[in-house]
Ligand SMILES: Cc1cc2nc3c(=O)[nH]c(=O)nc-3n(C[C@H](O)[C@H](O)[C@H](O)COP(=O)(O)O)c2cc1C
Ligand code: SF4
Ligand code: SF4
């Protein structure tokens, strides 16, 4: 496997079929290599440049090293498959179809950091993923040193945040906890815990087989590798794709057979991400490093195409109302601030608010950053701020006239 | 060592006592939750900051050293 093929995580049997069983998985990829010492394994991962796929894009190898080099004591792996992000499907598709690759990654991580327990934390609404991983765990019985536990995450956006996941596993309360202590110091049952997205783990299981060099043969620009992305909102059905990093947003849209003139803006990175006008990003490579430089987000790999006939203000209002509702309700600035932003955006969308509410939203958005136990409010205001940049004229139009220039309608009744 | 004012947002009840006590150091938002400067507290103000911390009914306010905050993961 030294070609530049962009099908890696999803290579193998068709996604139209059932989950890949252990037999097929092992004959296709070979068994998980054993006997590699932890430090060379971590070095290989670091050399690959693999970044976390749960949203924040933190280097995977560096995270493993920090835990592998802890003084002593027990440790736990949490494979994060909560996937509460409404615009994302990639984790559930990966878990439903390649469960053994995910388990390989979790087992590899457990061996690398000498953990004594593995927890698969999967959103309970992702039924096919829960079943597929459950069956895969059964198939592995007897072959794995660490006990593997499947915990179904409650439905909710914040339940997948690392400290919320650990809190739920410990106490059945899926609300984030105050840091420090970080989960890497004090996590499941009080032990140092590695919380890693399921796609990150699956990729680690390929890198240990084929090497860091192989990983880096894909990737057109700065960021190496392929990634699972979820394309949504297009004329076609959208769905999960595996793409080479550095592919342009235009290529992704074209592959959905969506005529260029039919899209006005793109939601990049998910509900915590950033809007961008299609003019600005059509030629832009989907490359986390390049996106960051442009103030955009790769996040968990969302490319949401907003059709020309849909109002960006209305789309944003829907997202902000959702994020406000999904606040875990613990921190004042998140609870009150997001509710205020969500309500005001909703009133603007329906033509019931004036220009002063646009100013209010800008003030709230500038105040809320960093003022919560978790990054939920930070993600929410990032999305809001980008919406103001991209749909600013339309926000003003809604405020001044109570009319939407995209749909042309009087919207107060909508 | 530089220290910065920090709030445990889960504990803070938003009555804004800290902001009333130290209006030049701690702003309050319209719901009376504190808005803290990310800058380290000046040495000469440390005792004032400590007074606000002592008065916080929820024990939500604290001084934290920079090194604690910057660690990753
Ligand atoms: C509100 C919130 C929700 C999150 N939900 C998820 C999730 O559903 N799945 C996930 O893998 N990471 C989620 N994260 C990120 C995790 O906190 C953590 O960074 C991630 O699981 C680490 O894995 P990675 O380094 O492989 O990306 C969320 C973060 C926040 C702030
Ligand atoms: S910041 Fe918001 S979502 Fe995060 S813990 Fe606090 S209230 Fe919950
Ligand atoms: S005094 Fe304490 S509880 Fe009250 S607003 Fe300030 S930090 Fe929050």
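Arrange the following residues from fewest to most other Cβ atoms within 10 Å of their Cβ: A:258, A:316, A:43.
Ordered from fewest to most neighbouring Cβ atoms within 10 Å, A:258, A:316, A:43 come out as A:43, A:258, A:316.
What is the order of A:101, A:286, A:41, B:28, fewest Cβ neighbours within 10 Å to most?
B:28, A:41, A:286, A:101
Of A:52, A:143, A:372, which is the most mobile in a GNM of chain A whose springs link Cα atoms less than 10 angstrom apart?
A:143
Among A:170, A:197, A:111, whose mean-square fluctuation peaks in a Gaussian network model of chain A (Cα, cutoff 10 Å)?
Highest fluctuation among the options: A:170.
Expected output is a single nm value to one decimal: the length gained when fully extending between residue B:2 and residue B:64, i.e. 0.36 nm times separation in residues minus the C-alpha distance. What is it?
Full-extension gain reported as 21.5 nm.
Other chains near B:31-37: what is the mean number of their Cβ atoms within 10 Å of each residue's Cβ?
Taking the mean over all residues of the peptide, I get 4.
Using Cα atoms only, what is the angle between the long axis of helix A:198-210 and the major principal axis of chain A, expressed in degrees (0 to 90) to the nearest 10?
40 degrees
Evaluate 2.2 N^0.38 Å with N set to the residue count of the protein assembly as shown, then give the Cα radius of gyration divided by it.
In units of the 2.2 N^0.38 Å rule of thumb, it is 1.02.
Across the residues of A:358-368, average count of Cβ atoms on other protein chains within 10 Å?
Going residue by residue through A:358-368 and averaging, the value is 1.
Would you mind telling me which residue in A:347, A:34, A:403 has the biggest mean-square fluctuation in a Gaussian network model of chain A, where springs connect alpha carbons within a distance under 10 angstrom?
Looking only at A:347, A:34, A:403, the biggest GNM fluctuation is shown by A:34.
Find the centroid of the Cα atoms in the stretch A:176-207 and in the stretch A:89-126, then give the distance between the two in whole Å.
Going from one Cα centre to the other spans 12 Å.
What is the fewest-to-most order of A:376, A:100, A:336 by other Cβ atoms lying within 10 Å of their Cβ?
In order of increasing Cβ crowding within 10 Å: A:336, A:376, A:100.
State the extension gain, in nm to one decimal, for the chain segment bounded by residue A:47 and residue A:189, taking 0.36 nm per residue of separation less the distance between their alpha-carbons.
Length gained, residue A:47 through residue A:189: 47.9 nm.
Suppose each label sits 7 Å from its Cα in the direction of the beta carbon; what would the residue A:366-residue B:42 distance come out to in nanometres?
Modelled inter-label distance: 2.4 nm.
Averaged over peptide B:43-55, how many Cβ atoms belonging to another chain are found within 10 Å of each residue's Cβ?
Going residue by residue through B:43-55 and averaging, the value is 0.
Between the stretch A:350-400 and the stretch A:208-224, how many Å separate their Cα centres?
39 Å
Once a ≥ b ≥ c are taken as the square roots of the eigenvalues of the Cα gyration tensor of the stretch A:185-322, is the result rounded (a/c under 1.5), prolate (a/b larger than b/c) or oblate (a/b not larger than b/c)?
oblate
Based on the alpha-carbon gyration tensor of the stretch B:3-62 and its eigenvalue square roots a ≥ b ≥ c, which shape applies: rounded if a/c is under 1.5, prolate if not and a/b is larger than b/c, or oblate?
Prolate is the answer for the stretch B:3-62, as a/c is 1.5 or above and a/b outweighs b/c.
Please determine, in degrees from 0 to 90 and to the nearest 10, the orientation of helix A:99-112 with respect to the longest principal axis defined by the Cα atoms of chain A, where the helix direction is its Cα long axis.
Here the helix axis deviates by roughly 70 degrees.
Once both axes come from the Cα atoms, what is the angle between helix A:127-140 and the longest principal axis of chain A, in degrees from 0 to 90, rounded to 10?
10 degrees
Between residue A:125 and residue A:254, take the C-beta separation as r, use R0 = 45 Å, and let me know the FRET efficiency to the nearest 0.05.
0.90
Mean residue ellipticity at 222 nm from the helices of chain A, using -39,500 (n - 2.57) per DSSP H segment of n ≥ 4 over the full residue count, to the nearest 500 deg cm²/dmol?
Estimated from H runs of four or more residues: -13500 deg cm²/dmol.
For the stretch A:291-325 and the stretch A:4-29, what is the centre-to-centre distance using only Cα atoms, to the nearest Å?
32 Å
So between residue A:135 and residue A:37, what do we pick up on full extension, going 0.36 nm a residue minus the alpha carbon distance?
Stretched out fully, the residue A:135 to residue A:37 stretch lengthens by 32.3 nm.
Assuming R0 = 35 Å, can you tell me the calculated FRET efficiency for the pair residue B:55 and residue A:170, based on Cβ-Cβ distance, to the nearest 0.05?
Computed FRET efficiency for residue B:55 and residue A:170 comes out at 0.60.
Across 5 Å bins from the origin, how do the percents of Cα pairs in the stretch A:228-308 run, short distances first?
Each 5 Å bin holds this share of Cα pairs: 3, 17, 33, 29, 15, 3, 0.
Considering only DSSP beta bridges where both residues belong to the protein assembly as shown, give the percentage that are antiparallel (nearest 5).
55 percent
Kindly provide log₁₀ I(q)/I(0) values, in the same order as q = 0.12, 0.22, 0.25 Å⁻¹, from the Debye equation applied to equal alpha-carbon scatterers of the stretch A:1-77.
-0.53, -1.21, -1.22
Kirkwood Rh, Cα Rg: Rg to Rh for the stretch A:312-410?
In the stretch A:312-410, Rg relative to Rh is 0.98.
With a Förster radius of 45 Å, plug the Cβ-Cβ distance of residue A:359 and residue A:221 into 1/(1 + (r/R0)^6) and report the FRET value to the nearest 0.05.
Between residue A:359 and residue A:221 the formula returns 0.70.
Each value in this text was obtained by applying a stated rule to the coordinates, not by laboratory testing. Only a predicted model underlies this, so the values are computations on that prediction, with no experimental measurement involved. Note that each Cβ is placed from the backbone with ideal geometry, even for glycine, and that neighbours are counted across all protein chains shown.
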